[in-house]
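Report on one structure; see the data block that follows.
Bear in mind that the values in this text are calculations on the coordinates, not laboratory data. Keep in mind the model is a prediction, meaning the values are calculated, not measured. Neighbour counts run over all protein chains shown; Cβ positions are idealised from the backbone, glycine included.
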Amino acid sequence: MSNSALHRRWAVAAATAAVLALTSGCSGGDDSGDAKSITFWYSTSAQDKGYADLATQFEAKEGVKVEIVNVPYDGYQDKLKQAAQANSLPDTASVPSLDTLWVNQLQDLSATANNATNNINKDLITAQDGKVLAIPSDVTAAGLFLNKTLFDKAGVAYPTDPAQAWTWTDFLAAADKVRTTTKVKYDLVYDRSAARIRPWIYNHGGKGFQLGADGKYAAPDATTVQALADFAKLNDDVVMPKSVWGAGADPNALFKSGQVVAYFSGVWQVADFADGITNFEWVSAPTPAEPVHATDINLGGKVVAFNTKKADAAKKWVDFIFQRDNYTKLAQTNGYLPIEKGLTLTYPFTKKAALDAFALYVKEMEIADPISASGQANGTKLLLAGKSVDDALIKDEMGKLVNGQQDAQKTADNIVAGLNQQIG
Amino acid sequence: MAKPPALRRPGRGRKGDVPRRIGASSIMWLLAVVYGFPGLWFVLSSFKPAGDLFSYPLTLFPKKWTVSGYAQAWTQFDVARYFLNTLIVASAATLLTVVASALTGYALAKYQNWWLKAFAVCILATTMLPSETILAPLFVVVRNLGLYNSLSGVVVPAVITATGTFMFRQFFVTVPNDLLEQARIDGSGELSTFVRIMLPLARPIILTLAIFSFQWRWNDYLWPLIILNDPKQFTLQIGVASIVGAQNVNWSVLLGASVLSMLPLIGIYLVFQKYVMNADLNAGLKD
Amino acid sequence: MISINLVLFLLFFVWPAVIGLNYSFTSYTGVGTAPYVGLDNYQRLVDDPAFYAALVRTVIYTGSVVPLTFIASLGTAYLLVSPYAKGKSVARVIFFLPWLISPIIAGVIWRWIFGENFGLVNFVITELGGKAVPWQSDANLSLIVVIIAATWANTAFNMLLFVAALKNVPTAYYEAADLDGAGAWPKFRRITLPAIAPTSFIVVLLSTLHTMKEYGLIVAVNAGGPGTENNLIVQYIFTTGFRRAQIGYASAASFVLLLILMIVAVVQLLASRRKGA
């Protein structure tokens, strides 16, 4: 017994050594500098083939293989930060946002961005001193979804053209009517996010939280504060459930229950709803205007090329992505709202509601007030000044307001103070 | 080796047993229902089509059974490769953790030293900082040691655990010192006593810690994501996390992938737990 | 051999911790230089009422979860090793499963059950003619839901520790008690409990340390809400520190947490020694 036990221990020790050798032997790493293959990191939860298709074409054309790595969204920023510290950034990437830690390692993409045939929307690129650091892969916009089945059942009409958009007051009246006639629970659920509260403020004529001349966030106007107060009042468990802004309940799931008349979210829900809602019909409706017609225009992934040893091939790949024909295919396959102007896109949805939704979003963005893009513009401006600001605190402060822990003025003050504290 | 399990009283089969059996079984099953219910929703929901997950009125059972969530999870990432990587990481870490914890726990229990006591408190301290606080500094260390972008970079920092160390310490405290003295008198070396006498005694602890360690490493997410760059080395949880998007979660796929990623853990648990249950522990402890 | 452990400990804990401790005396933002600010971060922390609010909430939470987990895990472990219970092989898996479920999934499960809008419990209550209970927008109810969820999730781990300990109680003790005609409860109290005392001690100690640091589960279940009323201490560190690029401040708060946990651990260690003596 004791002898065999001893032997077993030695076997364990040997196995340990072997496993260690195995795990350390597995370390990847080539970086020989020859541009036979480059890396492209991006993040998607869908099974989109857009980039993979482009990579195949790119390899056929340039003889350079693009290794596409899908990095989960949660932790992606951390991973990039640490990779920058370890000198192991990818050659190219589509990132959720730039980071002051590695922004100085980006290549200039101005040739691609300024190429007239590409017709890229210059307002949305990240540029500094004539150097283009990032080109968004796509644009996103906030918007309203309706439970069409409920509207039809109640016989209430809804607008389909942004030109005839509701005011929020009209919309809430219509939703009230639908709710009471069809006996469902709530008028509306509204995404708990800093980006989604912006259109509400803009629609009501407020300017929201903007940077002042001194590069810091200024105290918001009275209309903004009033809009925040009005928004909080809607969380009364009749119009809106308190649980979403108060306690982080998932509005997407609540809307899918079929017990909520409308949902204010954004274009990214279209693909999810196309597959994930089967118990009722849904439809996109124009964002209400009260009186300002605005949404929140934001950027999808930001495509960047890093200054690695394979910088030239990296730049070529990014340029390839944005060539008009290639980008058209990419946008169609991945369901992107395009960053390039004047494209005719046929999205691969089979559902009419989804196709209509995309058409509506394109129209909405054309007539949206310029303030709609200011949220992301402020972020870019701060970033280029070397400041990184996370506006997630807006939803925490709004949560306190909804929960009755503080009033609207205090909420606005806390938001400004919290944002400015990060600017330093 | 045919001795009865620890709690089996000799009175088995006597008259008072029947009510006792009914009592114990019904309490256990009541608890099982309470504990199992949330998990039941989870498993059943993984067979629901996406459109029915949040429908109202609520249903526990799928109206229409489907495995589309599983099928999509299976094609979402390279399951076989990620699975293998995770297996390597979890097995290696578990082996090392058990060895390191057993040695440290033994030392803490059987040697009286002021610096060992201090070390015990220090090991506890490793569980006291929020992971984020230590993340960036730990990364700097791992990079400086040249372990970045390798599976060993995932394994090695995880070897020391307070839980494991203290499990062994508390166990060895209960082992009578006479046993140790006897071995010393017999001229057995310290290490050999440990390997020949102590480790076999500690088998339930070894197996229990193995279950723990395997689960921890199997479900590790952020650290492997940061350390590994090559998708050929990615672990299972990185694949599962890629289902959770910035704005949307595809719940039906996530539920399917989660059920799949749990199956190996349940298998390991059942096998190891069987040995814990069957271990003949009293052999060395009886005077 | 233990020196290898010491080396690992120094490399993967002490070295990073010292770097982190260093940050706590600076206004480091994660980028560039880290200007030395002395004890400013600690001063700010001591002056922040939100920190105390989070600390109080954490203590309430821990004070509830640890005893509940202790009872539940000892109870389930006792039943699983008992010769009287039937169907143990299935029950064993049922008790184990919750521990494997990730916080994000646990969050959606518990919101499905205790969601105040369309949750199962409120569904049953309203069907029976009752009034829906604000499981999410009432601070105390919301915390109770997380306490239940945490107990559910943590039981398996501690249960396994107890199973190993219970299997280790010498049968001779029970045999002797049987000869004396002792009942089940006296046997449990006089023999089982003292015999598993070392394990009970680590269950309490490790549960306390773990529960004080709860983060993932509470964020998934109620986002620390309603509002910020159920923000526990680690969430406070994340939202006021790391999220706002205040690495220095976050590090300072972390080391204060470490200090608190250290005191808790040392007190428990001393208490257990006195009992043992």
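Using only Cα atoms, locate the centre of the stretch C:85-124 and the centre of the stretch A:300-338, then give the distance between them in Å, rounded to an integer. If we compute the Cα centre of each part, the gap is 44 Å. A simple count of charges around B:LEU270, restricted to other residues whose Cβ falls under 15 Å of its Cβ and scoring Lys, Arg +1 and Asp, Glu -1, yields +3. Computed from the C-beta positions of B:SER26 and B:VAL121 and an R0 of 51 Å, the FRET efficiency is 0.70 to the nearest 0.05. Here are some pairs, A:LYS310/B:LYS232; A:LYS242/A:LYS363; A:LYS256/C:LYS131; which of them have Cα atoms lying more than 25 Å apart in this structure? In this structure, A:LYS242/A:LYS363 exceed 25 Å between Cα atoms.
Counting Cβ atoms of other protein chains within 10 Å of each residue's Cβ and taking the mean over peptide B:89-100 gives 3. Would you work out if the stretch C:122-277 is rounded, prolate or oblate? Take a ≥ b ≥ c from the square roots of the eigenvalues of the alpha-carbon gyration tensor; rounded if a/c is under 1.5, else prolate when a/b is larger than b/c, oblate otherwise. Cα axes put the stretch C:122-277 in the oblate bin. Here each label is just a point 7 Å from Cα along the line to Cβ, and for C:LEU120 and A:LEU355 those points are 4.1 nm apart. Between B:ALA71 and C:VAL266, the C-beta separation translates, for a Förster distance of 45 Å, into a calculated FRET efficiency of about 0.25. Summarising the amide proton neighbourhood of A:LYS65: residues at separation of 5 or more, or on other chains, whose placed amide H is nearer than 5 Å comprise A:SER37, A:ILE38.
Per residue of B:149-155, other chain Cβ atoms within 10 Å of the residue Cβ number 6 on average.
Cβ-to-Cβ counts within 10 Å put A:ASP250, B:ASP17, A:ASP108 in ascending order as B:ASP17, A:ASP108, A:ASP250, the fewest first.
For chain B, the residue among B:SER131, B:VAL33, B:GLN247 whose Cα projects farthest onto the positive side of the dipole built from Cβ charges is B:VAL33. Any chance you could give the angle, 0 to 90 degrees and rounded to 10, that helix B:114-125 forms with the longest Cα principal axis of chain B? Computed tilt is about 10 degrees. Given +1 at the Cβ of Lys and Arg, -1 at the Cβ of Asp and Glu and no other charges, the dipole of the stretch B:77-278 around its Cα centre is 100 debye to the nearest 20. Taking a ≥ b ≥ c as the square roots of the eigenvalues of the Cα gyration tensor of the stretch C:40-145, is the shape rounded (a/c under 1.5), prolate (a/b larger than b/c) or oblate? Because a/c hits 1.5 or more and a/b fails to exceed b/c, the stretch C:40-145 counts as oblate.
Round to a whole angstrom and tell me the spacing of the C-alpha centers of the stretch A:43-59 and the stretch C:1-35. Value for the Cα centre distance between the two parts: 40 Å.
What size of dipole, in debye to the nearest 20, comes out for the protein assembly as shown about its Cα centre when the only charges are +1 on Lys and Arg C-beta atoms and -1 on Asp and Glu C-beta atoms? So the magnitude is around 3780 debye. Once both labels are positioned 7 Å from their Cα atoms along Cα-to-Cβ, the gap between C:LYS275 and A:LYS329 label points is 7.0 nm.
Amide H contacts for A:LEU133 (H built 1.01 Å from N in the peptide plane; partners 5 or more residues away or on another chain; cut-off under 5 Å): A:LEU109, A:THR126, A:ALA127, A:GLN128. Considering helices alone, the calculated mean residue ellipticity of chain B at 222 nm is -20500 deg cm²/dmol, with DSSP H runs of length four and up weighted by -39500 (n - 2.57) and normalised per residue.
Applying 1/(1 + (r/R0)^6) with r as the Cβ-Cβ distance of B:ALA246 and B:PHE61 and R0 = 45 angstrom yields a FRET efficiency of 0.90. Shown for B:PHE61, A:PHE145: other C-beta atoms within 10 Å of each C-beta, ranked fewest to most, produce the order B:PHE61, A:PHE145.
Is the shape of the protein assembly as shown rounded, prolate or oblate, going by the alpha carbon gyration tensor and its root eigenvalues a ≥ b ≥ c, with a/c under 1.5 for rounded and a/b larger than b/c for prolate? Prolate shape, in that a/c is at least 1.5 and a/b is the bigger ratio.
What residue among C:ALA223, C:VAL14, C:TYR236 has its Cα farthest toward the positive end of the dipole of chain C, where the charges are +1 on Lys, Arg and -1 on Asp, Glu, each on the Cβ? Ranked along the dipole, the leading option is C:VAL14. The magnitude of the dipole of the stretch C:35-276, with charges of +1 and -1 set on the Cβ of Lys/Arg and Asp/Glu and taken from the Cα centre, is near 560 debye. Residue pairs exceeding 24 angstrom between C-alpha atoms, taken from A:LYS148/A:LYS185; A:LYS315/A:LYS387; A:LYS233/C:LYS213; A:LYS122/A:LYS316: A:LYS315/A:LYS387; A:LYS233/C:LYS213. Close amide-amide hydrogen proximity is noted between A:ALA285 and A:LEU144, A:PHE145, A:LEU146, each under 5 Å apart and 5 or more residues distant or on a separate chain (H modeled in the peptide plane; Pro and chain starts excluded).
Here each label is just a point 7 Å from Cα along the line to Cβ, and for C:ARG189 and C:LEU128 those points are 3.4 nm apart. To the nearest 10 degrees, how steeply does helix C:88-100 sit against the main Cα axis of chain C, on a 0 to 90 scale? Between helix and principal axis, roughly 0 degrees. As I understand it, the value is the acute angle between the Cα axis of helix A:194-203 and the longest principal axis of the Cα atoms of chain A; what does it come to in degrees, rounded to 10? Helix A:194-203 and the main axis of chain A meet at about 30 degrees. Near A:GLU397, once Lys and Arg are set to +1 and Asp and Glu to -1 for all other residues with Cβ below 11 Å from its Cβ, the sum equals 0.
Looking only at B:VAL140, B:VAL99, B:VAL67, which one moves most when chain B is put into a Gaussian network model with springs between Cα atoms under 10 Å? Looking only at B:VAL140, B:VAL99, B:VAL67, the largest GNM fluctuation is found for B:VAL140. How large is the helix-only mean residue ellipticity at 222 nm for chain C, computed as the sum of -39500 (n - 2.57) over DSSP H runs with n ≥ 4, divided by its residue count, in deg cm²/dmol to the nearest 500? Helices in chain C give a 222 nm mean residue ellipticity of -22000 deg cm²/dmol. For chain A, the mean residue ellipticity at 222 nm estimated from helices alone is -14000 deg cm²/dmol, where every DSSP H run of n ≥ 4 contributes -39500 (n - 2.57) and the total is divided by all residues, rounded to the nearest 500.
Highest mean first, the peptides A:118-129, C:147-158 sorted by other C-beta atoms within 10 Å per residue fall in the order C:147-158, A:118-129.
Between the C-alpha center of the stretch B:246-270 and that of the stretch B:73-104 there is a gap of 16 Å.
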